[in-house]
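To start, the structure itself, in structure tokens.
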Amino acid sequence: MEFKEVTVETTVQAPVEKVWEYWTEPAHMTKWNHATDDWHTTFAENDLRVGGKFVSRMEAKDGSMGFDFGGIYDEVKLHEVISYTMEDSRKVKVTFIGQGNETKVIETFDAETTHPPEFQQQGWQAILDNFKQYAEQTNK
């Protein structure tokens, strides 16, 4: 099946070592991994190695709905690249480009076929924007 590739990106005012830590450690993941304030991540676990699995539980704060988001890592290069395959076979690649005291984060993913790619891009960008805000506040 062919998927449309979508890219979102941001620049975080923090060194790549910190950005990597905030992105990959479950204690941090639960604090930024949501697109809107009426959702939250209640649980995350991460085995960050090739062949390792990760999963996070995203739920509406009112308890009306929720879902697990997870996958298996295909590539892990410390402070550089994380790529994984989701349970529905879509691929995601996250690139970290450290530039002194800031880090560019570029996330490319295969859009699913249920919702328009533009809608998905907005959602993933919103999560990435939350990540940027969290990482910059935490890094102070």
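Summary of values
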| item | result |
| --- | --- |
| The chain - accessible surface per residue (Å², probe 1.4 Å) | 55 |
| Relative contact order %, the chain, counting alpha carbon pairs below 8 Å whose residues are six or more apart | 32 |
| Within the stretch 45-140, GluC sites (Glu not before Pro) in DSSP loop having at most 12 other beta-carbon neighbours inside 10 Å | Glu87 |
| Cα-based equivalent ellipsoid of the stretch 53-109: semi-axis lengths in Å, sorted from largest, via gyration tensor | 26, 16, 9 |
| Trypsin sites (Lys or Arg not before Pro) lying in DSSP loop within the stretch 1-70, provided at most 11 other Cβ fall within 10 Å | Arg49 |
| ³J(HN,Hα) computed for each position of the stretch 102-113 - Karplus, 6.51 cos²θ - 1.76 cosθ + 1.60, integer Hz, glycine/proline x | 9, 9, 8, 10, 10, 10, 10, 9, 7, 5, 7, 9 |
| Per-pair calculated FRET efficiency, R0 = 22 Å: Thr85 and Glu9 via Cβ, rounded to 0.05 | 0.55 |
| Neighbourhood charge, 15 Å Cβ-Cβ cut-off, centred on Pro116 and excluding it, Lys, Arg +1 and Asp, Glu -1 | -3 |
| Solvent exposure ordering (accessible area, 1.4 Å, most first) of Lys91, Lys104 | Lys91, Lys104 |
| Carbon plus sulfur fraction of accessible area for the chain, probe 1.4 Å, in percent | 49 |
| Where only C-alpha atoms are counted, convex hull volume of the stretch 1-127 per residue in Å³ | 104 |
| At R0 = 41 Å, FRET efficiency that the Cβ-Cβ distance of Val55 and Gln99 yields, to 0.05 | 0.85 |
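The values are calculated or read from the model by the stated rules, or taken from the named source; none is laboratory data. Every value quoted in this text rests on a predicted model; they were computed, and no experiment measured them. For neighbour counting, all protein chains shown are included, and Cβ atoms are generated from backbone atoms with ideal geometry for every residue, glycine included. Side chains included, ligands, DNA and RNA excluded: accessible areas come from the protein's heavy atoms. Shrake-Rupley method; radii C 1.70, N 1.55, O 1.52, S 1.80 Å.
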